[in-house]
Amino acid sequence: MNNYHAESTARFRVVYIVDGGVKQDFKHVAGLGTLPDSNPLVFQSVIYAGISTEQRLFELTAPNHDPRYAKPDGTLGGAAKFRQFIAAQVIPATDVNYRTNGQRVIIGESLAGLFIIETWLRTPDLFTDYIAISPSLWYDDRHLAKRAHTLLKQHTDTPRRLYLTMTSEDGTMHRGLDEVLEAIKQQNFKHLAVKYVDRSKAEHHWTDYHEAALDALRWTPPVPEPSWINEPDPWYLVEGANPPDWNTSTAPLPAPKSE
C-alpha cells in the first residue's frame, strides 16, 4: 500500500486475513490493496495483517458436541485459544507498530468463515467488520448455527458490519447459514448492517473468494461518493449536445465521402 508512506500522518483500517499465510490466502487478498493506489474510488486504503494457520482444523473449530465429529485429541476444538491469541497478541502488536484507526476487519473463507461467525457471535466487540465467505456451518451438525439465536441475545446493539456469502453449497452448509440469517432477523438490531450475497447460481466453493473479497471490502465501509457525482453529464455524454463554447453559427463539418 503506497498510500501508507505517502500519507505520513494518516491512519488506516486493518484487514485481518485468517488463513493468511504467504502460501495461503494472503497474497491474493492483499493484492487487492494495490487498487486504491491507482484508483481511490474502488475502496479505502487498508493495512493487511495475515494470520496463518498451522493446524487449521484445530485452530478454526470449537470442540465438537456431536460424537460423529469426534477426532483424536488435538485435532479439533482450538478456536477459543486461537481467538485469544489474536486478541492478546496479533491485534495489540498491529496497533503498536502501524498507524491504525480502530476499524478492524476480519475476513476468511470456508473453515475460516466458520471461525469468523463464531468470533462475531461470541466476541462481537473484537472486530468492527466481519466477512465470512462460504462459512463451513455444517461443522458439528450445525451446532453454532443452532445456537446463534441464544448467543445473539447477549449482544448489545452497537454498530457492526457483517458480510455473508454462499455459493453452490447446499445441504447442511446452506441450511446453517439460513439459520444464522433467521436468528439475525429475529433480533432486529438497529445498528448491525448485514449484507448477504447469494452466489449459488454463479460460483462454487473453490472459485468465489477473490470476487467476494473485493465486494466485501468495497462495502466495509464504502468509499464516499466523489463530489462531482451529482453534477450534470458532460456534453459528450448527451446525445446531440455541443461543447459549452460551441459557435452555433459555424458551418457544420462536411460529411465524410463514401469510398
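Okay, here's what the table says:
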read-out	value
Charge tally in the Cβ shell below 11 Å around Phe43, where Lys, Arg are +1 and Asp, Glu are -1, Phe43 excluded	+1
Length-normalised contact order for the chain - Cα pairs under 8 Å, 6+ apart - percent	16
Net +/- balance of residues flanking Tyr69 in space, Cβ distance below 10 Å, scoring K and R +1, D and E -1	-1
Cα long-axis angle, helix 139-152 against the chain (0 to 90 degrees, to the nearest 10)	80
Global form of the range 114-160, assessed from the alpha-carbon gyration tensor, a/c cut-off 1.5	oblate
Packing-based ranking, highest mean first, of 55-63, 136-144, 109-117 given that Cβ atoms within 10 Å are counted	109-117, 136-144, 55-63
Positive-end extreme of charge dipole, the chain - chosen from Ser134, Tyr236, Thr156 (charges on Cβ)	Thr156
Reciprocal of mean inverse Cα separation for the chain (Kirkwood radius, Å)	20.7
Selection from Trp206, Asn97, Gly31, by position along the positive dipole direction of the chain (Cβ)	Asn97
Residues with amide H under 5 Å from that of Gln103, placed H, sequence gap 5 or more	Val14
Theoretical ellipticity at 222 nm over the chain - DSSP helices of four or more residues, -39500 (n - 2.57) apiece, nearest 500	-9000 deg cm²/dmol
Förster-model FRET efficiency, 35 Å R0, Trp206 and Thr9, C-beta, rounded to 0.05	0.25
Sequence-distant residues sharing a close amide H with Thr165 (under 5 Å, placed H)	Ala132, Ser134, Val197
For the range 54-61, 3J(HN,Hα) per residue [Karplus equation, 6.51 cos²θ - 1.76 cosθ + 1.60, θ = phi - 60°, Hz, x = Gly/Pro]	9, 10, 4, 5, 5, 6, 10, 10
Nearest 10 degrees, 0 to 90: helix 111-122 Cα axis against the chain principal axis	80
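A short reminder: the numbers here are calculations on the coordinates, not readings from a lab. Predicted model, so just to flag it, every value in this text is computed and none were measured. Don't worry about glycine lacking a Cβ; one is built from the backbone with ideal geometry, like all the others, and counts go over all protein chains shown.
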